[in-house]
Amino acid sequence: TGASPWEIVGQRAVWSMPWAGLLVALAGHGDQVARVFRRPALLGQLAVSALMIVSGWSVYVWAVNNGHNIEASLGYYINPLLNMAIGATLFRERINAIGFGAIALAAVGTVLQALALGHLPLIALFLAVTFTIYGVIRKRVDVDAQAGLFVESLLMWLPGLALVLWLAHAGVARFATGAPITLLLLAMGPVTVAPLAFFAWTTRRLPLSTVGFLQFTGPTLGFLIGLAVGERLTPLGLVSFGFIWAGVALFTFGAWRAGRRVRLATA
């Protein structure tokens with residue numbers, strides 16, 4: 001619809017804040033928000049996580065608007081692998097033989113995908129690293145998911161508003177130039193806040209290894225979007241996704257078997 005990547009990122013920052021504030025109000029966590037601003041260390045951690053969010057947004061939005069959906073999806077395939085590695089090293093999470101086998105298959109698929117692109121996947125690596133850092137911070141920071149997300153959104157709101165106003169002053173903004181584009185930009189508030197809130201809530205309650213494999217859904221959808229808009233897929237690229245989904249299937253089998261053992265033990 002003609003909106004630039006910068007306007008998309010700016011509007012995303014502007015409209016995320018009120019929706020994140022609504023979550024805080026519904027959860028009754030206003031006291032936690034106040035506690036963050038009374039503790040500079042907490043505020044500093046959330047400032048870093050907010051920087052990771054907006055950095056990832058900027059690169060991702062630019063990538064998908066410039067024909068790099070498949071490479072961007074690769075970044076979010078690498079991210080769960082980094083999550084599992086961090087989970088094992090920093091948080092002492094245990095990974096069994098099936099888990100290691102699943103990681104190995106997914107890792108082979110990721111390497112093949114990089115080879116299929118034919119160059120160092122800088123976009124993918126940047127997205128993977130920034131979102132992994134974000135996940136680690138949100139797992140360690142001593143604040144509830146809703147309150148932390150609101151503080152992050154609040155820290156991004158003023159720069160986002162400044163960017164949106166600058167684009168409007170320059171005459172290149174698309175917001176308020178028609179109902180379809182305006183509604184799409186407004187919708188980025190809930191569309192952005194909902195997954196971040198669920199992610200922050202989940203990372204404090206599940207092992208990062210489990211969260212990591214669940215995250216393979218997102219890049220697969222991004223990959224399919226890349227195909228739908230005509231991005232090139234080589235035979236090697238197709239083989240790489242076969243390895244990745246074999247890893248997902250193996251991990252799913254391991255989770256099903258573990259759950260079945262628990263049910264039989266408690267029956």
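Please treat every number below as a calculation from the coordinates, not as lab data. Please read these numbers as outputs of a predicted model, since none were measured by experiment. Every residue, glycine among them, receives a Cβ derived from its backbone with ideal geometry; neighbour counts consider all protein chains shown.
Note the listed values (i) 13.3; (ii) 16.5; (iii) 12.2, then indicate which one is mean projected area of the Cα convex hull in nm² calculated from this particular structure. For mean projected area of the Cα convex hull in nm², the calculated option is (ii). Compactness check for region 109-267: Cα Rg over 2.2 N^0.38 Å is 1.34. With contributions of -39500 (n - 2.57) from each DSSP H run of at least four residues, the per-residue ellipticity at 222 nm computed over the chain stands at -28500 deg cm²/dmol. The listed peptides 150-159, 52-61, ordered by packing as a protection proxy, come out as 150-159, 52-61 (highest mean of other Cβ atoms within 10 Å first). Using R0 = 35 Å, the C-beta based FRET efficiency linking residue 179 and residue 93 works out to 0.15. Put a plus charge on the Cβ of each Lys and Arg, a minus charge on the Cβ of each Asp and Glu, and nothing anywhere else: the dipole of the chain about its Cα centre is then about 860 debye.
The stretch between residue 166 and residue 26 holds 47.1 nm of extra length on full extension. This uses 0.36 nm per residue minus the Cα-Cα distance. Between the listed residues 176, 230, 200, the Cα displaced farthest toward the positive end of the dipole of the chain, a dipole computed from Cβ unit charges relative to the Cα centre, is found at 200. Looking at region 77-186, which trypsin sites (Lys or Arg not before Pro) are DSSP coil and have at most 14 other C-beta atoms within 10 Å of their C-beta? Passing sites in region 77-186 are 92, 94. Find out how many positive minus negative residues lie around residue 163, taking Lys and Arg as positive, Asp and Glu as negative, among other residues whose Cβ is under 12 Å from that of residue 163. The answer is 0. Assign one of three labels to region 76-175, namely rounded, prolate or oblate, based on the Cα gyration tensor with a ≥ b ≥ c the square roots of its eigenvalues; rounded applies when a/c is under 1.5, prolate when it is not and a/b is larger than b/c, and oblate otherwise. Oblate, because a/c is 1.5 or more while a/b does not exceed b/c. FRET efficiency for the residue 39 to residue 217 pair, using the beta carbon distance and R₀ = 30 Å, is estimated at 0.30.
Give the average over all directions of the projected area of the C-alpha convex hull of region 204-262, one decimal, in nm².
The Cα convex hull of region 204-262, projected and averaged over all directions, gives 5.1 nm².
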